[in-house]
Amino acid sequence: MSLPSPVQIAVARQYLEAHNMFGRWATVRKFPVLPTMPAYVAEFVRDTYPAATIEILIGATEEVSRLHTGNGLADPVTCEVTTVFQGIRAIAAPRSWPAEQKARFLQLPYGLQSFFAEHEAQREKQIRRAQNAAALTRQQLNEAQPGKAPNGANEPQPAA
């Protein structure tokens, strides 16, 4: 019997450390944990959702992704998993994104979709606030200047 290589030991250690919700779920069903398939991760999200929050499931799937990519394996957290998340709680692509990029938004991991959507919504609010403040300042400036109409046009001066 040969001794395990340092790489095998490191992978086994990571496997044990990352034996999170997905690892326990997959072990009970006799599914492979490392490497695993996108269909198993998608089924995990579908089966576990009512008992676990979206945020917990995002963390669990990100851990599965890190474990695989960190060991040079294909990432099993693919569009199939994102589609399941979208079925649970849909996230629309940000309005500011070009139409041709909105389809690509749905291909991003669900955690990134959530981040981008929230970030863009905050950005749009800040832009609206700045535009409203600029409009108010313009209005106040126009009102403060004598001889100017509120719309910015010059009023005719009375004849002397």
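Gain on full extension, evaluated as 0.36 nm per residue between Ala74 and Arg89 minus their Cα-Cα distance, stands at 2.8 nm. Within the accessible area of region 26-128, the carbon and sulfur atoms contribute 58%, probe 1.4 Å, all protein chains present.
Quick one: grab the alpha carbon gyration tensor of region 83-144, order the square roots of its eigenvalues as a ≥ b ≥ c, and give me rounded if a/c is under 1.5, else prolate or oblate depending on whether a/b is larger than b/c. It comes out prolate by the Cα gyration axes. Length available on full extension from Lys102 to Glu143: 0.36 nm per residue minus the Cα-Cα distance, which gives 10.4 nm. What does the charge count around Glu55 come to, taking other residues whose C-beta lies under 14 Å from its C-beta (Lys +1, Arg +1, Asp -1, Glu -1)? It works out to a net charge of -2.
The values are calculated or read from the model by the stated rules, or taken from the named source; none is laboratory data. Note that the coordinates shown come from a computational prediction; the quantities given were computed from them, not determined experimentally. Don't worry about glycine lacking a Cβ; one is built from the backbone with ideal geometry, like all the others, and counts go over all protein chains shown. These area figures cover heavy atoms from the full protein model, side chains too; ligands, DNA and RNA do not enter into them. Shrake-Rupley method; radii C 1.70, N 1.55, O 1.52, S 1.80 Å.
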